[in-house]
Each structure stands twice: as structure tokens, then as C-alpha cells.
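The values are calculated or read from the model by the stated rules, or taken from the named source; none is laboratory data. As the structure is a prediction and not an experimental result, all values here were calculated from the model. Note that each Cβ is placed from the backbone with ideal geometry, even for glycine, and that neighbours are counted across all protein chains shown. Heads up: the accessible areas ignore ligands, DNA and RNA and are worked out on the full protein's heavy atoms, side chains in. Shrake-Rupley method; radii C 1.70, N 1.55, O 1.52, S 1.80 Å.
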Amino acid sequence: MASSIMKTATYNIAQAIRGTKFEGKTYIVGGYVRELVRQRGEPKDIDIVVELPNGGIELASLLYKKLNTTKPVIFKKFGTAQIYCKDYNVDIELVMTRKEAYDFKTRNPVVEFGTINDDVVRRDFTINSLLYDISSDKLLDLTNNGLKDLKDKIIRTTGNPDVIFMEDPLRIMRAIRFASQLGFQIEYNTADAMKKYRKSLEMISEERIRDEFCKILTSRFYGYGLDYLVELGILQYLIPEFTEMLKIKNQGKWHIKDAWNHTLEVISEIEPTLEHRLAALLHDVGKGTTMTEDEKGDIHFYGHQAVSALAARRFMRRYKFTNEQINKVFTAILMHMSFVDGMLDKTIRKKINQHGKELFLFCVDLAEADSKSKQRLTIVQNIRDFVYTDKIEEEIKLPINGNMVMEKYNLKPGPVIGKLLKAEKEALFDNPKLTIDELWVIIDKEVKNNYWDIELGY
């Protein structure tokens, strides 16, 4: 491997530890090694294990003195240190080799020094257990499965999968995340244990589950991840509404695919941002509880957009997404059926005034991805074109303000003023080119039709 890492941070680390107690005791492990073996370039994060008590912290101090790194950030409880190598733009985490025993109440491991073999078997998957001995320039596969599983594109636990997932249930999500990122298959016994212990995820913080879920959804092979989430019952556990939705095999005459495969198709058609894919994933999740069949045998999902939007909001609140993310996804799902028959220009302007142009176009994105007929696609595209060409501002500036209304009609501040200004705004939604004189005519008409008992000041 020397030719691939010469003149890099790892080469300089090898030079720095030559002739010290760290020589022959220092290994790179994890994703850095995995990606080098896969010839995917050098990652910007290096994980180093040192087979010496307190070795990670001590080596970080040595590298700080010998290389151009930041001052080590120390975590004494776990024997780890972090440094940043400025010359090569890499973050390096260093830790002593260790063995762990998990406290099943707090989910925190009890850590103590261990051998390199102890350190390897405590790791989650064989593809992440490969070692690179910096001093000898050798690759080590102590599980005897790491290189083979990388070649065969397999995710397999380093040891007994029951123990691996009992110790840390988040590894269930990590396995699916690696499958999604790498396009790998999960080995049968590993998958079986993941299904068995999926409810143990309740012991893990919502934030950690959310982070893994988001990585799955935005990965290159997200379809692998979503299928595993469904097959292993994890998606239904995280979002219970999917339990009923996944049972829908016939969506009626307007759909060729079942509910789940339609959802996957919509995800494939939408922009690959997290918020877009969340909206696509959840846009029909309420169909399971809204499905009806009429006397003709036609299937309907009346109101499913509202039920889906509420389910999406519950899920996103539980797993602590930001308020902005929740609002975007909720609004898009709630509105995604509003585009089916088109929108009046006035309605588009009102929606943009209510939500802003950016959020409205986000909603259009979902509606477009969900549109399968040429007619509906044309409708959605026409709405998008109108948004880009219409001159109305998100925040409408009313030519006639409240003071002007009060002065003309001899009124005091109160709800009537707001209603008259609302009439003005509605008129501008219909025609943004109205002049101030034309707007006064509209307000006059509103006053005479609805507020005839007001003593007019003209």
C-alpha cells in the first residue's frame, strides 16, 4: 500500500514514530482503510489505534510536537484524542486498543486497554475491521473475512450478531447505512439479528437514529437502505403509519404500482436533498388509513394528504428535525394534491404570499415528482413557469395603507381597517397591475356593500 500513501499524512506519521515505542504498535483502522482497499481515494478522516495503554493520547502529543497539527483535544474517559493535520487537511482520531463491556442501562461502554485482537472483535462489521500497520506497510485482516466481504460486497458482523446488536442497537441503523452508501448486501444472519433486535432502538437517542436515517435516505444506493428498512420491519417501527400503507397493493385505476413502489418511484424523480426525499417518502403514508372503495369498486384515498402531513410532522418532531425542515415537508405533503387540476393565478400568488416563493417551489417539486400523466405534468410545469415569470413580490406592498383608509373614511383603528386592506390585497392577487385609483374604487365598493352604516368622511 506504500505507493498509494507516500507523501501523505500517514507517511509522515510513519516517519514520526520511527524509533519510538509506537513503532509496530500503531494501526489505521476503519473507513480510511476500507476506502483505500476499494481504491476510492483517501478519505479526510483517519482513525488510529495504538496497542499501548493510553497510547492514543500519548501519540497525539508526539505528533503535535513533530508534525504541523492542532493541539490535541483529549477525552481521558475513553482514552482518545483528536488532532487536525493542517498540511494534509485531515482530521485524525487516536485511541488505545481496547476491549469494551456495555452497561445495558446507560448504553455506555466500560472501556479498558486490550490487545489489537480485542480491539478488532469489538468493532461492528468486518469491512470496518481491516488494519493498516503504518510501520510495516502491511494490511491486516484479523477477522479473516474483511477482504473477502469487501470483494463480495457483504455487510457482516465481526462476531456473534446477537451480541453485536445487543451491545449497541444503533449498529442496526449503521448496517443499513453502509449498505446504502456502498451498495452492499447484508449477510443473512446479520440481517436476521437486526430484525430480532429492532425494538432495542428505543434505547438509543432520537438524534442518533435520525442522523443514521438521514444518511440512509441521502445515500447513493438509498433504495437498498429503504428496502432493508421495510424488510426488517424497521421503517414500520420508526413510522407506524407505514404498517398499513405497505399493505396497499392496488391503488386503483390511476396507479400501476402498489403504494410502496410508487413511493420509491417518486423519490427517484425528486431532487436528492434530504428535505425533498423526506417529503417524497412520507407523501402517501396516510393512504393506509384513508383507503375506501365505492359501490363501483373504485378505490379512493380522500384526505390522505392531510393525514400524511400530520404523520410526517409527528415523525419529524419525535426525531428532532429542525422546525424549518418540519414546516417544509409538512407543507409540501399537505399541498401535493392541490396541483392536480391546476391553480388559478390568484391562488398561486396567495400561496406565494403565504409561504414564500422558495417553499412554494419546493411544494411544486413534490407535485411534479408525484405526477405520472402527461396532462398533470403539463399542469405542474405551467404553474412553475408562471412562478418564474410573474412579477408579484412575496411581500405585497399595499399602495393604500391603513392610515390612508382611516383618514378617508374617518375611521378609528380596528378590525374593519384590516378587512378593507384584505380586500385590497385580494384584488392585487387577482391583478397586480391595478393602479391606486382602481384600488380606491374596490375599497369604496367594499365599504358601501358591507359597511354601509359607517359615517363616511367624504
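Size of the dipole of the chain about the Cα centre, Lys and Arg at +1 and Asp and Glu at -1 on the beta carbon, nothing else charged, in debye to 20? Don't skip to the end; give the middle numbers.
On the way: 68 positive and 67 negative charges, 192 e Å.
Dipole magnitude for the chain comes out near 920 debye.
When the dipole is taken about the Cα centre of segment 322-385, and only Lys, Arg (+1) and Asp, Glu (-1) are charged at their Cβ, what size is it in debye, to the nearest 20?
Here the size comes out at about 180 debye.
Fully extended, how many nm does the chain gain between residue 147 and residue 344 (0.36 nm per residue separation, minus their Cα-Cα distance)?
The span from residue 147 to residue 344 would gain 64.9 nm if fully extended.
Output the relative contact order of the chain, whole-number percent, from Cα pairs under 8 angstrom with separation of 6+ residues. The partial results should precede the final answer.
Numbers: 696 pairs, mean separation 35.8, N = 458.
8 percent.
Note down the nm distance, to one decimal, between modelled labels 7 Å out along Cα→Cβ at residue 112 and at residue 310.
Here the modelled spin labels are 5.4 nm apart.
Provide the packing ranking of 27-36, 45-54, i.e. peptides ordered by the mean count of other C-beta atoms within 10 Å per residue, highest first.
27-36, 45-54
Give, in nm to one decimal, the length gained when the segment between residue 188 and residue 91 is fully stretched (0.36 nm per residue of separation minus the Cα-Cα distance).
Separation in residues times 0.36 nm, less the Cα-Cα distance, equals 31.4 nm.
With every protein chain in place, what's the accessible area of residue 88 (1.4 Å probe, Å², nearest 10)?
Here the accessible area works out near 80 Å².
Ordering 269, 93, 295 from largest to smallest accessible area (1.4 angstrom probe), what's the sequence? Write out the running numbers ahead of the final one.
On the way: 269 115, 93 70, 295 170 Å².
Greatest to least solvent exposure: 295, 269, 93.
Measure off 7 Å from each Cα along the Cα-to-Cβ vector at residue 398 and residue 75, then give the distance between these two points in nanometres to one decimal.
If labels sit at residue 398 and residue 75, their model points lie 5.6 nm apart.
How would you order 438-450, 362-374 from highest to lowest mean count of nearby Cβ atoms within 10 Å?
Taking the mean over residues of other Cβ atoms within 10 Å, the ranking is 362-374, 438-450.
Under a 5 Å amide H to amide H cut-off, with H placed in plane at 1.01 Å, what residues pair with residue 140 once short-range neighbours are removed?
131, 132, 133
Based on the Cβ-Cβ distance from residue 357 to residue 220, what FRET efficiency comes out when R0 is 41 Å, to the nearest 0.05?
With R0 = 41 Å, the Cβ-Cβ based efficiency is 0.85.
Tell me, what is the 1.4 Å probe accessible area of residue 22, in Å² to the nearest 10?
Ignoring ligands and nucleic acids, residue 22 comes out at about 10 Å².
Between residue 377 and residue 136, what is 0.36 nm times their sequence separation minus the Cα-Cα distance? Round to one decimal in nm.
80.7 nm
When the accessible area of segment 404-452 is split by element with a 1.4 Å probe, what percent falls to carbon and sulfur?
55 percent
First compute the accessible area of segment 187-241 with a 1.4 Å probe, then give the percent of it belonging to carbon and sulfur atoms.
46 percent
With Cβ to Cβ distances under 12 Å as the rule, what net charge do the other residues near residue 384 carry (K, R +1; D, E -1)? Numbers along the way, then the final one.
Values: positive: 357; negative: 365, 368, 385, 390.
Its environment carries a net charge of -3.
Return the carbon/sulfur percentage of the accessible area of segment 346-402, one whole number, probe 1.4 Å, all protein chains in place. Present the calculation step by step, with values, prior to reporting the outcome.
Details: 1450 of 3040 Å².
Looking at segment 346-402 in its full context, I get 48 percent from C and S.
Enter the accessible area per residue of the chain (Å², integer; probe 1.4 Å; all protein chains in place).
That works out to 51 Å² per residue.
Filter the cross-link list 195/247; 151/249; 287/425; 25/71 down to pairs whose alpha-carbon distance in this structure exceeds 28 Å.
Those over the limit are 151/249; 287/425.
Could you check the simple spin-label distance between residue 206 and residue 23, using points 7 Å along Cα→Cβ, in nm with one decimal?
5.4 nm
Provide the per-residue ³J(HN,Hα) series for segment 385-393, in order, calculated from phi with Karplus coefficients 6.51, -1.76, 1.60 and θ = phi - 60°, each as a whole number of Hz, with x at glycine and proline positions.
Working through the residues one at a time gives 4, 5, 4, 6, 9, 6, 9, 5, 8 Hz.
For every helix of n ≥ 4 consecutive DSSP H residues, a contribution of -39,500 (n - 2.57) applies; sum these over the chain, divide by its total residues, and give [θ] at 222 nm rounded to the nearest 500 deg cm²/dmol.
Value at 222 nm, helices only, nearest 500: -15000 deg cm²/dmol.
So, counting K/R as plus one and D/E as minus one, what does the shell of residues with Cβ under 11 Å around residue 432 add up to? Mind showing how you got there, number by number?
Numbers: positive: 346, 349, 391, 397, 425, 433; negative: 345, 390, 393, 430.
Its environment carries a net charge of +2.
If r is the Cβ-Cβ distance from residue 65 to residue 196 and R0 is 60 Å, what FRET efficiency results, to the nearest 0.05?
0.75
Please state the shape class of segment 219-289: rounded when a/c is under 1.5, otherwise prolate if a/b exceeds b/c and oblate if not, all from the C-alpha gyration tensor. Could the numbers behind the result be given before it?
Numbers: a/c = 1.65, a/b = 1.17, b/c = 1.40.
The shape class here is oblate.
Using a 1.4 angstrom probe and counting only protein chains, how large is the accessible area of residue 300 in Å², to 10?
Answer for residue 300: close to 50 Å² accessible.
Show 126, 20 ordered by accessible area, largest first, where the area counts protein heavy atoms only and the probe is 1.4 Å.
Largest accessible area first, the residues go 20, 126.
Could you order peptides 402-412, 166-176 by the average number of other Cβ atoms within 10 Å of their residues, highest first?
Ranked from most to least packed, the peptides come out as 166-176, 402-412.
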